[in-house]
Amino acid sequence: MKVYQHTRVLVAIQLQAAMMVLIGGFGVWNTIKQVPGWPVFAMVAVVGLVSAFRMVVQGTHPERIEIDDREIRMTAFGRTKRYRLDQLAQFRIKDLDPRRKVFLRIADEDGTRGRYWLSFDKYKDAEDLTGWLHDLEYKVNPDDLKYHNRRLAEKKMKNKPADKE
């Protein structure tokens, strides 16, 4: 089993969630008090509280990723979601910055779904994690346009005659 641990959990995840709660609370307080410009504070409250909800309750920023032959586990704020690799219905990676940050969507046939933000520069052994995730996406979605060149290279290698000695 391979374990990828987030190296800056306190600053990058927990402190950010606390700040979102504070910002949301500030927006709610100013909306209740009806200070001038309160509709803007209402939007600030919604954005802050929804962001905190996603981080804490839905676990969109995993602190720990565990991968073995059968499943992938994402752990955030003490809760773990498990996805069986042989039952994946959806596995999509949206490369925001391919070497640093991606948005990951996972769904399996049992109905377990998740959306995750992964900052590779904050995980130990990030190169291995990046390669593994892209290989898994290729296995689940081999006809995806982003793997066009990879498919062509595999066909070329398959059709290439063996060297005679």
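Computed from the coordinates by the stated procedures, all read-outs in this text should not be read as laboratory data. These numbers were taken from a predicted model, which means no experiment stands behind them. Every residue, glycine as well, gets a Cβ built from its backbone with ideal geometry; the counts of neighbours run over all protein chains shown.
The Cβ shell under 10 Å around residue 107 holds other residues with a net charge of +1, Lys and Arg each +1, Asp and Glu each -1. As an exercise, find the ratio Rg/Rh for the stretch 88-156 from alpha-carbon atoms, using the Kirkwood inverse-distance average for Rh. Rounded to two decimals, Rg over Rh is 0.99. For the stretch 2-65 and the stretch 113-154, what is the centre-to-centre distance using only Cα atoms, to the nearest Å? For the stretch 2-65 versus the stretch 113-154, the Cα centre distance is 28 Å. The share of alpha-carbon pairs in the chain lying farther apart than 20 Å comes to 60%. Among complete DSSP H helices in the chain, those whose alpha-carbon atoms stretch at least 15 Å along the helix's long axis and whose mean Kyte-Doolittle hydropathy reaches -0.5 are 15-32, 38-56, 126-140.
Fewest Cβ neighbours within 10 Å first, please rank 97, 108, 144 accordingly.
Details: 97 10, 108 21, 144 14.
Arranged by neighbour count, lowest to highest, 97, 108, 144 become 97, 144, 108.
Which of the residue pairs 124/160; 101/155; 124/146 have a Cα-Cα distance greater than 32 Å in the structure shown? Write down the numbers at each step before the final one.
Values: 124/160 38 Å; 101/155 30 Å; 124/146 26 Å.
Where the Cα-Cα span goes over 32 Å, the pairs concerned are 124/160.
Treating only the Cβ of Lys, Arg, Asp and Glu as charged (+1, +1, -1, -1), what charge dipole size does the stretch 47-165 show about its Cα centre? Round to the nearest 20 debye. Walk me through the numbers on the way to the answer.
Numbers: 27 positive and 22 negative charges, 85 e Å.
Result for the stretch 47-165 is approximately 400 debye, rounded to the nearest 20.
When the Cα positions of 91, 118, 42 are compared along the charge dipole of the stretch 7-144, 42 comes out farthest toward the positive end, with charges on each C-beta of Lys, Arg, Asp and Glu.
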